[in-house]
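Q: Sharing a structure here in structure tokens format.
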Amino acid sequence: MKLASLKHGRDGRLVVVSQDLHWFTDAFLIAPTLQAALDDWDRCGPRLLALAESLEHEAVPRGRFHERDAASPLPRAYQWADGSAYVNHVELVRRARGAEMPASFWTDPLMYQGGSDGFLAPRDPIPLADPAWGCDLEAEVVVVVGDVAQGATRDEALAAIRLVGLVNDVSLRNLIPAELAKGFGFVQSKPASALSPVFVTPEALGDRWRDGKLHGALTVQLNGADFGKADAGVDMTFDFGTLIAHLAKTRSLSAGTIIGSGTVSNRDADGGPGKPVAEGGLGYSCIAEVRTVETILRGAAETPFLAHGDTVRIEMMDDQHRSIFGAIEQTVEPLSHGA
């Protein structure tokens, strides 16, 4: 089934969305918000699934689902932790700045704690106060879990996954080096992210969800031009079960915790860095990676970071070219008072 939150107050109004994303029906008699449903999933999950089946059979009141009316499915969450499961991406970025990558990065996941008190709606602008900060998109996959006990195994972690979706994990690249040099991690360099309009249960994804990974091309467009189409199920060093177990090693996770895959990244067919879509490659899921490849191949980065007026679109299509999660589509805008 597919779930969304229409804009309403701070936490949205939970709705069930049809498989083709054309229709919705209210779920308020089951749970007022997605967080409330996750808190009581054993009771709410089966009832929401039954409602989804009724929606498909046009047996319940329904309305047209417009993605512009959707908040992020979890407009705010108890926890947002982002991994870096595509180690190819990490290796490239470090190589560009002349930093050696420790061997442990291939066996021990990287992860940071992001800000979860407010996610941008999937069609909200990206507020950018200063273009010199180096604003970048990052197209990623996310999962949402139920309660996870401390010390959970990979299999237990996989069983706790309730929903799958996409995220644009916005980064301010030029603020990152100074923050990391302090040895205390990201804060200012990681502003609010945007989640896809719809989250989907793993069962509804069919064979696209297997081995703890989402399989399929994650399409990225920049100002209407194809920028990336990397397969999220390829070159993923750590699956979501491993990422969740890593996070739960020393603490329990509450229902509604969001875990990200990190920037989706594929190697080229020859094993080297990916090539731009225009050159027959699978392109990139963030600007930093193409700048890294340019630096490696030509000695300097050429592609600029995002500027005011630039538009980003992130989406995944099914085999019939229908959107699975809806589209994240954002335009970079100057920071306004109250933003």
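The values are calculated or read from the model by the stated rules, or taken from the named source; none is laboratory data. The structure presented is a predicted model; accordingly, all values stated were derived computationally and were not measured. We place every Cβ from the backbone using ideal geometry, glycine too, and count neighbours over all the protein chains shown. Note: areas computed on protein heavy atoms with side chains; ligands, DNA, RNA excluded. Shrake-Rupley method; radii C 1.70, N 1.55, O 1.52, S 1.80 Å.
Q: What is the percent of Cα-Cα separations in the stretch 149-213 that go past 13 Å? Please report the intermediate quantities before stating the final value.
A: Details: 1509 of 2080 pairs.
Result for the distance tail: 73 percent.
Q: Could you sort 192-202, 316-326, 178-188 so that the peptide with the highest average Cβ count within 10 Å comes first and the rest follow in order?
A: Those peptides, ordered most packed to least, come out 192-202, 316-326, 178-188.
Q: Continuing with the same structure: Calculated FRET efficiency, Tyr112 and Ala50, Cβ-Cβ r, R0 41 Å, to nearest 0.05?
A: 0.60
Q: Right, something else. Considering every pair of different Cα atoms, what Kirkwood radius, in Å, is found for the stretch 30-78?
A: Its Kirkwood hydrodynamic radius stands at 12.3 Å.
Q: Could you calculate the contour length gain from Asp42 to Glu302, that is, 0.36 nm times the residue separation minus the distance between their Cα atoms, to one decimal place in nm?
A: 88.5 nm
Q: Taking the Cα atoms of the stretch 14-56 alone, what are Rg (to one decimal) and Dmax (as a whole number) in Å?
A: So, for the stretch 14-56, Rg and Dmax equal 9.8, 27 Å respectively.
Q: Compute, for the chain, the length of the dipole vector about the Cα centre, with Cβ point charges of +1 (Lys, Arg) and -1 (Asp, Glu) only. Units Debye, rounded to 20.
A: Using Cβ point charges on Lys, Arg, Asp and Glu, the chain gives about 540 debye.
Q: Enumerate lysine pairs in the chain that are 8 or more residues apart or on different chains, then count those whose Cα atoms are under 29 Å apart.
A: 14
Q: Further, regarding this structure: Could you work out [θ]222 nm for the chain from helices alone, using -39500 (n - 2.57) per DSSP H run of at least four and dividing by all its residues? Round to the nearest 500 deg cm²/dmol. Provide the component values of the computation, followed by the final result.
A: Numbers: 7 runs with 64 residues, N = 339.
Mean residue ellipticity, 222 nm, calculated: -5500 deg cm²/dmol.
Q: Give, in whole angstrom and from largest to smallest, the semi-axes √(5λ) of the equivalent ellipsoid of the stretch 73-334, with λ running over the eigenvalues of the Cα gyration tensor.
A: After diagonalising the Cα gyration tensor, the semi-axes are 26, 21, 20 Å.
Q: A further question on this structure: Expressed in nm to one decimal, what extension gain is obtained for the pair Arg251 and Thr311 from 0.36 nm per residue of sequence separation less their Cα-Cα distance? Don't skip to the answer; put the middle values down first.
A: Working: separation 60, 0.36 × 60 = 21.60 nm, distance 3.84 nm.
In short, 17.8 nm is gained.
Q: Using the beta-carbon distance between Met101 and Gln150 and R0 = 25 Å, what value does 1/(1 + (r/R0)^6) give for FRET efficiency, to the nearest 0.05?
A: After rounding, the FRET efficiency stands at 0.25.
Q: May I pose another question? With a 1.4 Å probe and every protein chain left in place, work out the accessible area per residue of the chain in Å², rounded to a whole number.
A: Working: 14730 Å² over 339 residues.
I get 43 Å² per residue for the chain.
Q: Sticking with this structure for a sec: Arg10 versus Asp130, label points 7 Å from Cα toward the beta carbon: distance in nm?
A: With each label placed 7 Å out from Cα toward Cβ, I get 3.0 nm.
Q: Okay, next question. At 7 Å along the Cα-to-beta-carbon direction for both Glu58 and Leu29, put a label point, then send me their distance in nm to one decimal.
A: 2.0
Q: Please give the solvent-accessible surface of Arg291 in Å², to the nearest 10, using a probe radius of 1.4 Å with every protein chain present.
A: In the full protein context, Arg291 sits at about 60 Å².
Q: Starting from the Cα of Thr331, step 7 Å along the direction of its Cβ; do the same at Leu180; then give the gap between the two resulting points in nm.
A: My value for the distance between the label points is 3.3 nm.
Q: Along the charge dipole of the stretch 1-70, which of Pro32, Gln19, His8 sits closest to the positive end, that is, farthest toward it, with unit charges on the beta carbon of Lys, Arg, Asp and Glu (+1, +1, -1, -1)?
A: Of the candidates, His8 comes out farthest on the positive side.
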